[in-house]
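The values are calculated or read from the model by the stated rules, or taken from the named source; none is laboratory data. Note that this is a predicted model, so its numbers are computed, not measured. Here Cβ is always computed from backbone atoms with ideal geometry, including for glycine, and neighbour counts include all displayed protein chains. Side chains included, ligands, DNA and RNA excluded: accessible areas come from the protein's heavy atoms. Shrake-Rupley method; radii C 1.70, N 1.55, O 1.52, S 1.80 Å.
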Amino acid sequence: MMRVAVVRFPGSNCDADALRTAREAGADAYYVWHRDRDLQQADAVILPGGFAYGDYLRAGAIARFSPVMAAVQAHADQGGPVLGICNGFQVLCEAGLLPGALMRNDRLTFVSRPVRLRVETDDTPFTSAFERGAIFTAPVAHGEGRYVASPDVLRALEEEDRVVLRYLDVNPNGATNGIAGIANAERNVVGIMPHPERVADPVLGNAEGAKVFESMVKRAGLPMGGAR
Amino acid sequence: MSTSRVEPFPGDPPVTDDLVRQHHLTDDEYARIKTMLGRTPSFAELGIFSALWSEHCSYKHSRPVLKRFPTEGRHVVQGPGENAGVLRLRDGWAVAFKIESHNHPSAVEPYQGAATGAGGILRDVFTMGARPVAMLNSLRFGPLTDARNRYLFGGVVKGVGDYGNCVGVPTVGGEVDFAPGYSTNPLVNAMCVGLLKETDLIRASASGVGNILMSVGARTGRDGIHGASFASEELTAESEARRPQVQVGDPFTEKLLLEASLELIGSGHIVAIQDMGAAGLTSSSAEMAARGGVGVEIDTAKVPTREAGMTPYEILLSESQERMLVVARQDRVEQVRAIVEKWELTAVPIGHVTDDGMYRVRHGDRVVVEIPGARLVEDCPVYEPEATEGAEMAGLRRLEPPASRMDPADALRTLLDTPSLASKQWVYEQYDSTVQASTIIGPGGDGALIRVPDTAFAIAVSTDCNSRYVFLDPYEGGKAAVAEAARNVACTGARPIGITNCLNFGSPERPDVFFQFREACRGIADACRALDTPVTGGNVSFYNESPAGPVDPTPVIGMVGLLDDATHAVGSHFRRPGDALVLLGDTRGHLGGSSYWAHVLHTRAGAPPPVDLPVERRLVDFLVDAARESLLASAHDLSDGGLALALAEACIGAPYAEGPLGAKTDLREIQGSLATAGMLFGEDHGRAIVSCAPEFKDRVLAAAKRAGVPAHAIGTVGEKLGRLEFVLRDSTIRLGTPELRETYYTAIPRRMEAAASQDAAD
């Protein structure tokens, strides 16, 4: 069974949702505390949403210095899949595992609403169960979600098929090119602002987000980049 | 009593009559204190009495009235008197919930006032051993035409949002109302709902002589000293100077405290836990001791402080946020410390439980407080003030607006454009409403619905109060608040099982205000008995006064319901073209106290519609049964704005729906001899509009008949982007739903944005 480490920072608050959804997708998911340096033979790592250290300075700015991030970095360097959701995405950018940054929303207020998303690539460990171009709806809930990057980075993201999710008709935060999620050059590290774990159960009226976790579990055991 | 060992603390001022008055104690109350102690109190003791005998802590003006609430029933696990009420759900699960005000702090510092209000109510719930799963907010401001009101509104919403969002508790509903009566005294009521296994319930009752009192969480600073007393006085021009008494919230610490507290409760290492909320260490320690019938001894020199040199008086009365008082088993102090430190907080022993019943505080070797513990909490005088209805009220109830030729279509547009009635999307988009992945119905409908994880059932929650009704007729208004909350919960398919309340009024020392309070409570009590929804606790907020006078009387009801099967959830918006529309309840065209009179004809007058409680009970029962049989596609209660507004809202649809649906209704049979305004905008209670598949229409009508609920098939749901049509006795009204949707969803942002650009230009 695939082992999935859900990293808990002190201010994580979507950790339980990510854990539950990963388990429902068939993973052996467990928590790893931010002070731990051992991911316990994780096949994949999830950095969940929340406010890792309160984030009074800048989202994710302190989390990148936590002991667990060295282990996450090593896991990623070996091609292991890493998914950052919302605050987890912010942490991955701050830690340099993903390029670019997430800035204050253009309207300056927190935004919580469902958004329609297009899956721009199925060539990542977290979108392989989708059809390329598939459309689904998931909520965003963040104050700092406006993705920005240098022109070079943006060009590389677009040309190398590394934009993972894009806002379809409403760009809730002013993100450049409507970018809602990206992958690193090796395609094993993915960060997304929307919350698929909140739309993964039919009783909530929408279970489309479960496919992100099904993609992850489906890929268990495959060498990274093997789909290319 | 033996000779007192109490010594004044160096530097404390001598206790003079002047100082006593500054502490808001009456001559009579001070005389009682001296008799109780057999001496003059020390400065610290004076501070303690001032806090615990404040209205906020002692309920001295409200207790006899509150005693008349029904507080028992088959769901009740914990009634009033604890940090939060608890109701039994099923399969061992229970719900802990409470609503509380943070009005005064929010009036002078809206962001922090609202944020710390959210923090306080969260702590009240998780100290029962419950994990918070939902927040709601009931907010009242003056009209948005005024810049100060916009500032307060924006600040409060941001404060509520930032706090709840960070802690990770979804804000799923509530209400926002705007009226001139709240212009300088906004109301900020926060409700929290938590889930627990009944076996994990813990009460805030100290026990076990020798057990150790520990301060857990943030350090104690000089902020918020005398917050409880501040909350018990009227707002004046000088209140702005109270800004430093408003505490500052730290939601990150709150999240850690939440996790640490739940782990401590689950560990069995502690016997009691309470938030250091209003009146801080003083009230938490004195109340826990009194509940357990024991004494406590605290050493203020051991309390971790933010700055050196704090006196016992300051440490006892500080309202620094994110602090807990825990009673640890005497041999488990190290285990408690280990759990708390894992969550990167500190736990420090500051005292112990004693067998002499005394509330004793020392600072090092010096005893600075020694008061008989039970009497400190229980001997506060109780007042039953004079209650007389304001002389002008009877006339106001008879008053009618001047005859009007207002076009009904324009009237409906006006109502949809009224901030109190329009969509609150501008507000709830700033609140994370989906964290915890359990929100079945979020903001923007009638009640909100939250699934209970890993079970088949769900809980519904709603907050309601129509203060215009309460102002015009407090008894009927009190009944109406409960009835509307019950209808909102029942429309989701859930059965209402209990309430909490937040009773916001002016000064109880005014006979007309106390009349409002007493009568509204009588109405709430009668309605709760009829609907079998006992009162599990709540909060009284008096002295909501400003130089302009008392606020509109606003007893907010927070109701909880149980939906046995979450897949039976019913939304409030129409879902399919061609569905049949059924109007439940009798339409009598009652316009007194209505939104139509208030917002279209600018007349706040008339007798509000009377509430027939057996009728409400039958409607609630029917809605719950029909949902269980999966007969309904939607259900929406009729309240403000009557049938026309309810139909418009159901057509307009959810905030992120692809587009509105039309509806075609023929009201001639129901209308009879009623005037158009009464037919469309009358606010008779006991009504709801439901939609169902056409093949279920006859079953719905037959089931309603069996349940004793009047029901009329009035039309069908129309096409997407279609028209809303009312066929009346002598006219037909048609409105385009895209236009109605635009009006409804932009009413508040248009006002906020127009003002913002104007402010920027100035």
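Odds and ends about this structure:
- Buried between B and A is an accessible area of approximately 2500 Å², summed over both sides with a 1.4 Å probe.
- Percent of Cα-Cα distances greater than 56 Å, calculated over the protein assembly as shown: 13 percent
- Rough spin-label spacing in nm, given labels placed 7 Å along Cα→Cβ, for residue B:35 and residue B:398: 4.8 nm
- Close amide H partners of residue B:174, meaning residues 5 or more places away or on another chain with modelled amide H under 5 Å apart, are B:137, B:463.
- Rh by Kirkwood over Cα pairs, then Stokes-Einstein D for segment A:3-219 at 1.002 mPa s and 20 °C, µm²/s: 129 µm²/s
- The trypsin sites (Lys or Arg not before Pro) of segment B:664-761 that DSSP puts in a loop, and whose beta carbon has at most 16 other beta carbons within 10 Å, are B:729.
- Debye equation applied to the C-alpha atoms of segment B:1-140, log10 I(q)/I(0) at 0.16, 0.17, 0.18, 0.22 Å⁻¹: -1.03, -1.07, -1.11, -1.28
- Principal axis dimensions, largest first and in whole angstrom, of segment B:267-362 by Cα: 33, 32, 21
- Charge dipole (the protein assembly as shown, unit charges on Cβ, about Cα centre) - positive-most of B:43, A:207, B:265: A:207
- Amide H contacts under 5 Å for residue A:116: A:168, A:169, A:170, restricted to partners 5 or more places along the chain or on a different chain, H placed in the peptide plane at 1.01 Å from N.
- In terms of the mean number of neighbouring beta-carbon atoms within 10 Å, the peptides B:299-306, A:131-138 order highest first as B:299-306, A:131-138.
- A DSSP coil position with no more than 16 other Cβ atoms inside 10 Å describes the following GluC sites (Glu not before Pro) in segment B:70-161: B:72.
- MRE, 222 nm, helices only [DSSP H, n ≥ 4, -39500 (n - 2.57), over the protein assembly as shown, to nearest 500]: -9500 deg cm²/dmol
- Each residue of segment A:147-153 was assigned a 3J(HN,Hα) from its phi angle through the Karplus curve 6.51 cos²θ - 1.76 cosθ + 1.60 (θ = phi - 60°); the sequence is 6, 9, 7, 5, x, 5, 5 Hz, with glycine and proline shown as x.
- Debye-sum result for segment B:9-65 in log10 I(q)/I(0), which assumes one identical scatterer on each alpha carbon, at q = 0.13, 0.16 Å⁻¹: -0.33, -0.49
- Residue A:28 versus residue A:208: modelled label distance in nm, points set 7 Å from Cα along the beta carbon direction: 3.4 nm
- Secondary structure note: in the protein assembly as shown, about 75% of the DSSP beta bridges are antiparallel.
- Hydrodynamic radius of chain B by the Kirkwood approach over all distinct alpha-carbon pairs: 26.6 Å.
- Counting only protein heavy atoms and a probe of 1.4 Å, the accessible surface of chain B is 49% carbon and sulfur.
- For segment B:639-727: rounded, prolate or oblate by the Cα gyration tensor [a/c cutoff 1.5]: oblate
- Only Lys, Arg (+1) and Asp, Glu (-1) charged, at Cβ; segment A:3-219 dipole about Cα centre in debye: 440 debye
- C-alpha long axis of helix B:43-52 to longest principal axis of chain B, angle in °: 20 degrees
- Backbone HN-Hα couplings from phi across segment B:471-484 [Karplus 6.51/-1.76/1.60, Hz, Gly and Pro as x]: 4, 6, 8, x, 5, 5, x, x, 4, 5, 4, 5, 5, 5
- Against the empirical 2.2 N^0.38 Å (N residues), segment B:591-668 has a Cα radius of gyration ratio of 1.35.
- Across all directions, the average projected area of the convex hull around the alpha carbons of segment B:415-561 is 10.1 nm².
- Nearest-20 debye value, the protein assembly as shown charge dipole, Cβ charges on Lys, Arg, Asp, Glu: 1200 debye
- Computed from Cα positions, the angle between helix B:27-37 and the longest principal axis of chain B comes to roughly 50 degrees.
- Taken one residue at a time, the phi angles of segment B:550-563 give Karplus couplings (6.51, -1.76, 1.60, θ = phi - 60°) of x, 5, 4, x, 9, x, 7, 9, x, 10, 10, x, 10, 10 Hz. Gly and Pro are set to x.
- Share of pairwise Cα-Cα distances greater than 28 Å in segment B:610-762 is 28 percent (whole percent).
- Segment B:550-706: relative contact order as a whole-number percent, Cα under 8 Å and 6+ apart: 40 percent
- The amide H of residue B:537, built 1.01 Å from its N in the peptide plane, has B:501 as neighbours under 5 Å, considering only residues 5 or more places off or on other chains.
- The residues of the protein assembly as shown have, on average, 34 Å² of accessible surface per residue, using a 1.4 Å probe with all protein chains present.
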